[in-house]
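Participant: One structure coming up, written as structure tokens, with questions to follow.
A short reminder: the numbers here are calculations on the coordinates, not readings from a lab. Note that the coordinates shown come from a computational prediction; the quantities given were computed from them, not determined experimentally. Cβ sites come from the backbone with ideal geometry, for glycine too, and all protein chains shown count toward neighbours.
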Ligand SMILES: [Zn+2]
């Protein structure tokens, strides 16, 4: 059991996909209300709030804006910005706030109307110049955000013989999982051939190798294990966690090994578990190559064997290690920094045994991994009942 | 109504001014540590190897190899639309540091990891020159 002694007692999602009639705050309110209903709690029971920055509006203190508009009387509040790792980070930081005695029940909420607030072209440009690429030493050379990951993919293919078909296998598997999630954004099944024939964006990545852009929000309620015992849901415990960072920009690093080595090692150490104990892994999937590199760095296979690992149904439902069972960022939904938070929600569903058609049999231990920047900053959680 | 198409330009600052000034004169310089002797890039305020603040901009050879690359087919903004497809590269210099750049002087299809490269200089404006790389 984790030293933080925290438990997740409520999860919620807004509608995900194209939701043009909801603002960022409305989407977050939808997710928060769903999580409260799931937990059997009222907003007045919440005394801590964590959220992330959004891209669609300028909030000078996101946690203050969100707490005020949702009506949270917070004894503790903070804005967590670990980019795509923020979802995992919020859970651990909520656990620490509770362990310190500063508050008892924390609402973590994130999401926005990233798809509907402007054009796709505008979103692509704002992301390309939005800080993932170094403003002086990278942006002037014209990379898309996907280009930064394409550099990783090309190098991985060179060093280890990883193939475009193996990258495509990741997209196909995760789409199949999304097809079983009624709230996923993209649910039509695709084949390896569809991926390989989809538009080449930045070689070797096709459009189907890249995350989608969505509207949506997710919320998770964290409290102490003691308090969780009296609540409606079977508590899901934070068993362990770790963080990792090996670079800030992709142009000056080794490309194929990441801080997930460190975050994974620490998560397993704090939980007293090994990769073999994991029943389901919600791997961050901003691009297909991300999944392959993370599976290696987290210790599910050796460095260089990730391409082979994702073949033959191993990462699909019914396989040895089902990953990203809600459809992830590639198909489920990707509303910016909140995107990785759906991975947490899904991990909770899986270990509760409430994932419906996509339930992993006897799932007791779930790993969640978030990555931010360009495979820069990492946070890994281990959750279990 | 036509929008002004502005290419994103590097804006030199206190930490990077010497790099861009040298590039504008056709040279490549990198921070080198006076304590441990190692080069690094992108510029840090402290040496990433020994935390020393005794860093000095030092000329490098401009020779290196292609460490990784991607051929960009969809422009990130209208400013790059006329240039697609183009190669965004990571170059590993002989002196050790890596940096992002463009590969010029050969067709995108000729890009191959490990190919020897040398720095070239692309003037973007009266005050800014972008280091790029071409086959040796
Ligand atoms: Zn040094």
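Participant: So, in region B:53-66, of the ones that are crowded, with 19+ Cβ neighbours inside 10 Å and not in a strand (DSSP E or B), which residue ends up nearest to the ligand (Cβ to nearest atom)?
Facilitator: B:60
Participant: Now for a different question. Can we say residue A:292 is buried (at least 24 other Cβ atoms within 10 Å of the Cβ) and in a helix (DSSP H, G or I)?
Facilitator: Here the answer is yes, as residue A:292 does meet what is asked.
Participant: Still on this model: Among B:10, B:108, B:78, B:43, which is the only one that is closer than 23 Å to residue A:151 by Cα and within 16 Å of the ligand (Cβ to nearest atom)?
Facilitator: Answer to the check: B:43.
Participant: Right, next: Checking the condition in contact (Cβ under 8 Å) with a residue 24 or more places away in the chain, touching a helix residue (DSSP H, G or I) at 6+ places or on another chain (Cβ under 9 Å) and either within 14 Å of another protein chain (Cβ to nearest Cβ) or farther than 30 Å from residue A:251 by Cα (or both), which residue from A:70, A:115, A:82 passes?
Facilitator: Sole residue among the options that is in contact (Cβ under 8 Å) with a residue 24 or more places away in the chain, touching a helix residue (DSSP H, G or I) at 6+ places or on another chain (Cβ under 9 Å) and either within 14 Å of another protein chain (Cβ to nearest Cβ) or farther than 30 Å from residue A:251 by Cα (or both): A:70.
Participant: Could you count how many residues in region B:1-52 are within 13 Å of chain A (Cβ to nearest Cβ), closer than 25 Å to residue B:76 by Cβ and loosely packed, with under 12 Cβ neighbours inside 10 Å?
Facilitator: Looking only at that region, the number is 5.
Participant: Working only within region B:13-40, note down all residues that are part of a loop (DSSP other than H, G, I, E, B), touching a residue at least 12 places away in the same chain (Cβ under 8 Å) and within 16 Å of the ligand (Cβ to nearest atom).
Facilitator: If the condition is that a residue be part of a loop (DSSP other than H, G, I, E, B), touching a residue at least 12 places away in the same chain (Cβ under 8 Å) and within 16 Å of the ligand (Cβ to nearest atom), then B:34, B:35, B:36, B:38, B:40 are the ones that fit.
Participant: Is region A:147-162 home to any residue that is outside any loop (DSSP other than H, G, I, E, B), closer than 30 Å to residue A:354 by Cβ and touching a residue at least 12 places away in the same chain (Cβ under 8 Å)?
Facilitator: No: zero hits.
Participant: Which of (1) crowded, with 24+ Cβ neighbours inside 10 Å; (2) in contact (Cβ under 8 Å) with a residue 60 or more places away in the chain; (3) more than 21 Å from residue A:332 (Cβ to Cβ); (4) within 11 Å of chain B (Cβ to nearest Cβ) does residue A:126 not meet, given it meets every other one?
Facilitator: (1)
Participant: Quick test of your reading of the structure: residue A:307 fulfils all but one of (1) assigned to a loop (DSSP other than H, G, I, E, B); (2) touching a residue at least 40 places away in the same chain (Cβ under 8 Å); (3) over 19 Å from the mean Cα position of the chain (by Cα). Name the failing condition by number.
Facilitator: (1)
Participant: Could you list, in sequence order, the residues of region A:34-66 that are part of a helix (DSSP H, G or I), touching a residue at least 24 places away in the same chain (Cβ under 8 Å) and out of contact with any helix residue (DSSP H, G or I) (no Cβ under 7 Å at 6 or more places or on another chain)?
Facilitator: A:34, A:35, A:37, A:38, A:39, A:44, A:45, A:65, listed by residue number.
Participant: Do the conditions hold for residue B:127, that is, is it at positive phi and either away from every other protein chain (no Cβ under 13 Å) or free of Cβ contacts under 8 Å to residues at least 60 places away in the same chain (or both)?
Facilitator: no
Participant: Sticking with this structure for a sec: Taking residue B:69 as the residue in question, decide whether it is out of contact with any strand residue (DSSP E or B) (no Cβ under 6 Å at 6 or more places or on another chain), facing another protein chain (nearest Cβ under 7 Å) and more than 16 Å from the ligand (Cβ to nearest atom).
Facilitator: Spelling it out, it is not the case that residue B:69 is out of contact with any strand residue (DSSP E or B) (no Cβ under 6 Å at 6 or more places or on another chain), facing another protein chain (nearest Cβ under 7 Å) and more than 16 Å from the ligand (Cβ to nearest atom).
Participant: Here is a list: A:298, A:317, A:329. Which entry is over 14 Å from the mean Cα position of the chain (by Cα) and under 24 Å from residue A:187 (Cα atoms)?
Facilitator: The conditions single out A:317.
Participant: Condition first: surrounded by fewer than 19 Cβ atoms within 10 Å (Cβ to Cβ) and either under 27 Å from residue A:122 (Cα atoms) or at the interface with another protein chain (Cβ under 10 Å from one of its Cβ atoms) (or both). Now tell me which residues in region B:93-108 satisfy that.
Facilitator: B:108, the sole residue that qualifies.
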